[in-house]
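Asks: My questions all concern the structure below.
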Amino acid sequence: MADWNLPLASSLYVDVLTYLKLRDIDAITLCFNEPTNIADHSFKYERNLNLFQEYESGTWRNKVLSVLGGGTGATNPNDIRINLGLGSMALQAASAVAITGGTMNGVAITNATALTTATGVGATINGSLVAVTVQASGAGGFIGIGSAITNLNGSAIDRGMVGTAYLGSGAASAATYLRGDRTWSALVVNPSRWTHVFVPTHDVVTLPQADGMSIMYCYGAGQNLHLPSPSQVANPAAPIRILSVQGNTAIYGGYPPGPYTNIAGRPSPFMMPVPYMSIDVVANVNNNEWNVY
């Protein structure tokens, strides 16, 4: 537009105002039309690129404005992001976001088909999940299908009940128990190994010689029960359970009476004063006494 060498001292008076007006137009429009003979460090606004340029040694050079001056202080996206204090997500497309750290609170994620890690409190995750690692430190947690959770700490389960079908194979019921090999199995009791002996009267001595536990029921009040000497027991390892139904039962070790053998480390008799009291005794052949089992 203007020739910035004009006007000269030799210029005609009628041209001076025209030359000055052209300069004014360049200044007010930031060199909308290309000027000539312009001085170094002059500025113009490049409208095609939408940026400021500074004239240096015959060349217009792009001018970068600092953040303090309202600019970005850089000419490439990554440096601009850093200068503006933005995270790496500022350069990611909305359709391809990659999050590798940090915390998300109160975020709803829908239709997650390739989610690998979700952390935080109060997060709601809907959709088909490929693999999820959830670390909830608050009252929230993970609610949903956990088939992809392969490294769950059992000590973190502090509420609810795990279905019996997931504890082991087989059918769980009131008549089964869970074995060490994670199998539900029926409890098998061999009645032939148990002997029930009823002692309804006073001073009756009957001791079965079964290889399992024997149970002696003492019904009479104030009844005395005489056990044989331990050496007379066919299977000393088999315990005997004595139940005093009406109480006040005295148990003597050794029959016929005297010399008595000790019961539970003390001389006979062993008193069972209250109703429905029971003790288990087992023969100690080595010490010739009856021990409480």
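Asks: Among the residues of region 50-79, which ones are among the acidic types (D, E) and within 19 Å of N33 (Cα to Cα)?
Replies: Once the filter is applied, which keeps residues that are among the acidic types (D, E) and within 19 Å of N33 (Cα to Cα), region 50-79 yields E54, E56.
Asks: Pick from region 266-277 the residues that are surrounded by fewer than 16 Cβ atoms within 10 Å (Cβ to Cβ) and modelled with pLDDT of 75 or more: which of them is nearest to N291 (Cα to Cα)?
Replies: Here the answer is M271.
Asks: Which residue, of S42, S57, S10, is surrounded by 11 or more Cβ atoms within 10 Å (Cβ to Cβ) and of a type outside the set (A, V, I, L, M, F, W, C)?
Replies: Answer to the selection: S42.
Asks: Please return the ranges of strands (runs of 3 or more DSSP E) entirely within region 174-257 where 3 or more residues are at pLDDT below 75 and surrounded by 14 or more Cβ atoms within 10 Å (Cβ to Cβ).
Replies: Here the list reads 195-199, 214-218.
The values are calculated or read from the model by the stated rules, or taken from the named source; none is laboratory data. The model shown is predicted, which means the values in this text are computed figures rather than measured ones. Note: ideal-geometry Cβ built from the backbone for every residue, glycine included; neighbour counts use all protein chains shown.
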